[in-house]
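Chemist: First the structure, which I've put down as structure tokens, then a few questions once you've had a look.
The values are calculated or read from the model by the stated rules, or taken from the named source; none is laboratory data. Remember, predicted model here, so these are calculated numbers, not experimental data. In case anyone asks, the SASA skips ligands and DNA or RNA and just uses the protein heavy atoms, side chains included. Shrake-Rupley method; radii C 1.70, N 1.55, O 1.52, S 1.80 Å.
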Amino acid sequence: MELRVARLEDDVEDLRSDMKIVVRDLSFRCGRLEHVPTTWVLIGTIAASQVMLSGFVFAMLTFLPHP
């Protein structure tokens, strides 16, 4: 009986060490996910770049000599 209990204690200790590794890995991933930009930031960046590109095209068409 004591042999079985000792084996169960060893198994529980192995599970605890595995769980520590899993928790550490999840906390690392959650920390990285906090720095991902939101959807509105991405949409704003794309919109701003499109406005800037259209401004450059307008400036080139306005100020470059026409053939």
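Chemist: For segment 52-67, what are the residues that are open to solvent by 100 Å² or more (accessible area, probe 1.4 Å) and in a helix (DSSP H, G or I)?
Modeler: Those that are open to solvent by 100 Å² or more (accessible area, probe 1.4 Å) and in a helix (DSSP H, G or I): MET52, PHE56, PHE58, MET60, LEU61, PHE63.
Chemist: Considering only residues that are open to solvent by 80 Å² or more (accessible area, probe 1.4 Å) and β-branched (Val, Ile, Thr), which ones fall in segment 21-37?
Modeler: Of everything in segment 21-37, those that are open to solvent by 80 Å² or more (accessible area, probe 1.4 Å) and β-branched (Val, Ile, Thr) turn out to be ILE21, VAL23, VAL36.
Chemist: I would also like to ask the following. Identify all residues within segment 17-51 that are in a helix (DSSP H, G or I) and of a type in the set (S, T, N, Q); write none if there are none. First the steps, then the outcome.
Modeler: Within segment 17-51, the subset in a helix (DSSP H, G or I) is 17-33, 39-51.
Within segment 17-51, SER17, SER27, THR39, THR45, SER49, GLN50 meet the criteria.
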